[in-house]
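Engineer: Here you go, one structure.
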Amino acid sequence: MTESLPVIDVAPLFGRDETRRRHVADAIGSACRDNGFFYATGHGIAPALVARLDAAAREFFALAESEKMQIAMARGGRAWRGFFPVGGELTSGIPDRKEGIYFGSELDERDPRVRAGLPLHGKNQFPVRPAQLRAAVLEYLDANERAAHAVMEGIALSLGLDAQYFRTNYTSEPTILFRIFHYPSDIPSSMQWGVGEHTDYGLLTLLAQDDAGGLQVKSPTGWTDAPPLAGTLVCNIGDMLDRLTGGLYRSTPHRARNISGRGRLSFPFFFDPGFAAEIKPLPQHAAQIRDDRETRWDKQSVHAFNGTYGDYLLGKVSKVFPQLRHEVIS
């Protein structure tokens with residue numbers, strides 16, 4: 001595992017110096033073509049905010065499971081948010097060795113998407129303890145959304161598109177999902193993965209991780225470690241960007257296992273197309289579509305999919321949580 005992921009300073013994407021913005025875009029494009037992953041510095045998310053979120057999350061996961069289950073996902077209604085225990089989430093039909101909390105954009109009953117009854121939209125569930133988790137999560141969502149829009153501008157420029165292409169066509173009202181995962185420590189010889197091999201579903205993932213390590217990215221030569229680098233976010237592209245670019249930018253499989261001897265926290269923020277957005281290849285990349293089923297972890301090609309992002313997302317999430325199909329999707 002001698003390969004390493006590139007580290008890219010994305011700060012110029014928040015400015016107006018077009019030369020610097022295009023230099024960053026070129027670096028992002030190279031990373032997306034090579035392996036679909038890179039580290040980002042200069043993302044604008046304050047270390048103090050990450051520390052507050054980390055501290056509140058650790059306090060929550062230290063609670064008795066009976067108290068954590070007060071915000072169980074089954075109580076979240078169609079928004080499908082809240083806590084799940086270890087083994088409550090599946091990857092390729094196998095229970096993951098992690099517990100977590102699902103969040104998303106905080107939407108009240110006046111939001112048109114909530115009024116329309118769209119699954120995975122609505123209000124979050126927050127625990128009574130620790131009280132500070134709510135404020136930390138909502139502030140973190142806002143900070144990540146700003147960072148994600150900036151990175152997507154870099155991705156657009158790297159594809160020869162207008163910087164606002166994705167905001168105009170796909171993310172004016174993005175589907176935002178945020179998770180806090182806690183991976184209990186495993187013995188080094190354990191073969192059970194905290195989360196097994198998978199790709200992400202949407203456009204872009206921004207991941208903060210603690211210093212325990214355990215994340216691995218699949219490359220043509222094997223699995224590459226993606227160790228924590230202080231102050232960075234791990235950025236990776238998802239299935240929908242793979243589809244839009246005809247496979248030019250790849251949604252790369254990754255997995256995680258915690259053998260650090262202590263609990264591991266990770267904070268993946270998923271920045272995805274609007275629920276009703278039709279996902280079609282970009283005209284200049286339509287001819288590049290390839291049948292990638294044999295190399296995909298799930299043996300299903302993202303390029304064979306037709307429909308809205310909501311269709312794709314529900315099909316995927318209902319395999320992670322089979323009960324979602326019965327309780328939320330109608």
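Engineer: Output yes when any residue across the stretch 195-213 is over 18 Å from Arg250 (Cα atoms), of a type in the set (S, T, N, Q) and either outside any strand (DSSP E or B) or free of Cβ contacts under 8 Å to residues at least 40 places away in the same chain (or both), and no when none is.
Structural biologist: Taking every residue of the stretch 195-213 in turn, none turns out to be over 18 Å from Arg250 (Cα atoms), of a type in the set (S, T, N, Q) and either outside any strand (DSSP E or B) or free of Cβ contacts under 8 Å to residues at least 40 places away in the same chain (or both).
Engineer: Sticking with this one: Suppose we keep only residues that are among the hydrophobic types (A, V, I, L, M, F, W, C) and farther than 17 Å from Ile237 by Cα within the stretch 164-182. Which one would you say is surrounded by the most Cβ atoms within 10 Å (Cβ to Cβ)?
Structural biologist: First pass over the stretch 164-182, keeping only residues among the hydrophobic types (A, V, I, L, M, F, W, C): 166, 176-178, 180-181.
Filter again for farther than 17 Å from Ile237 by Cα, leaving 180-181.
Values: Ile180: 26, Phe181: 24.
Across the stretch 164-182, the extreme among qualifying residues is Ile180.
Engineer: When only residues in the stretch 1-31 that are within 23 Å of the chain's Cα centre (by Cα) and within 18 Å of Leu215 (Cβ to Cβ) count, which is surrounded by the most Cβ atoms within 10 Å (Cβ to Cβ)?
Structural biologist: Ile8
Engineer: Ok, one more. Tell me which of these Ala116 doesn't satisfy, since it passes every other one: (1) out of contact with any strand residue (DSSP E or B) (no Cβ under 8 Å at 6 or more places or on another chain); (2) closer than 22 Å to Ser251 by Cβ.
Structural biologist: (2)
Engineer: Checking Pro253 against (1) under 18 Å from Thr91 (Cα atoms); (2) surrounded by 22 or more Cβ atoms within 10 Å (Cβ to Cβ); (3) of a type outside the set (S, T, N, Q): exactly one of these is not met. Which one?
Structural biologist: Only one criterion in (1) under 18 Å from Thr91 (Cα atoms); (2) surrounded by 22 or more Cβ atoms within 10 Å (Cβ to Cβ); (3) of a type outside the set (S, T, N, Q) is unmet by Pro253, namely (2).
Read the figures in this text as sums done on the coordinates, not as results from a lab. What you see is a predicted model, and the numbers here were worked out from it, not measured in a lab. A quick note on method: Cβ atoms are made from the backbone with ideal geometry, for glycine too, and the neighbour counts reach across all protein chains shown.
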